[in-house]
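Here's the structure, in structure tokens; my notes come after.
The values are calculated or read from the model by the stated rules, or taken from the named source; none is laboratory data. Because the structure is predicted, anything quoted here is derived from the model rather than measured. Cβ: placed from backbone, ideal geometry, glycine included. Neighbour counts: every protein chain shown.
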Amino acid sequence: MKSSSIIPLIIGILLFVLCVFWYFSTGTGNQAALTAIAPTNEAQTQFQALFSELTAISFNTDIFSDSRFNALVDLTTPIAPESTGRLDPFAAITSMSIVVNTGVTIGNTAMPSVPTTTPTRISTSTPPRTSTTTIIKLKK
């Protein structure tokens, strides 16, 4: 290293050491982080009284080492990830069509229960349906 790059390094180290010495010599680094304050109103006094009663409570944790507890099986159902909805669910719906299909069977063809953005028309010349389809058109 060159002597010209060593001098700023030495000055920087000396400044750092002086700052650390000043910080600890003024006493600001030795103060406690929290201080106890005497209660000023009835609610604080009541809270501190209840808290002092709760600190005496202890729990027996021997159940966690019991073989019956360790034999328990987790039966949670995993949650499948789903696509996100609208960016603002509380915004007004301007124009949208919703098709609610409850499994319509026309002839031998079963229509899928899938929502679509365009309403579908079922002609009246088809055989009778075994269930109903409701088409809802929402407009602002």
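Looking at this structure, is Thr116 assigned to a loop (DSSP other than H, G, I, E, B) and modelled with pLDDT under 65? When the stated conditions are applied, Thr116 passes them. Determine if the stretch 52-62 includes at least one residue that is aliphatic (A, V, I, L, M), more than 31 Å from the chain's Cα centre (by Cα) and at pLDDT 55 or above. Taking every residue of the stretch 52-62 in turn, at least one turns out to be aliphatic (A, V, I, L, M), more than 31 Å from the chain's Cα centre (by Cα) and at pLDDT 55 or above.
Only a single criterion out of (1) loosely packed, with under 10 Cβ neighbours inside 10 Å; (2) small (Gly, Ala, Ser); (3) at pLDDT 75 or above is not satisfied by Ala49, namely (1).
Residues of the stretch 64-99 that are at pLDDT below 90, within 31 Å of the chain's Cα centre (by Cα) and surrounded by 10 or more Cβ atoms within 10 Å (Cβ to Cβ): Ile93, Met96, Ile98.
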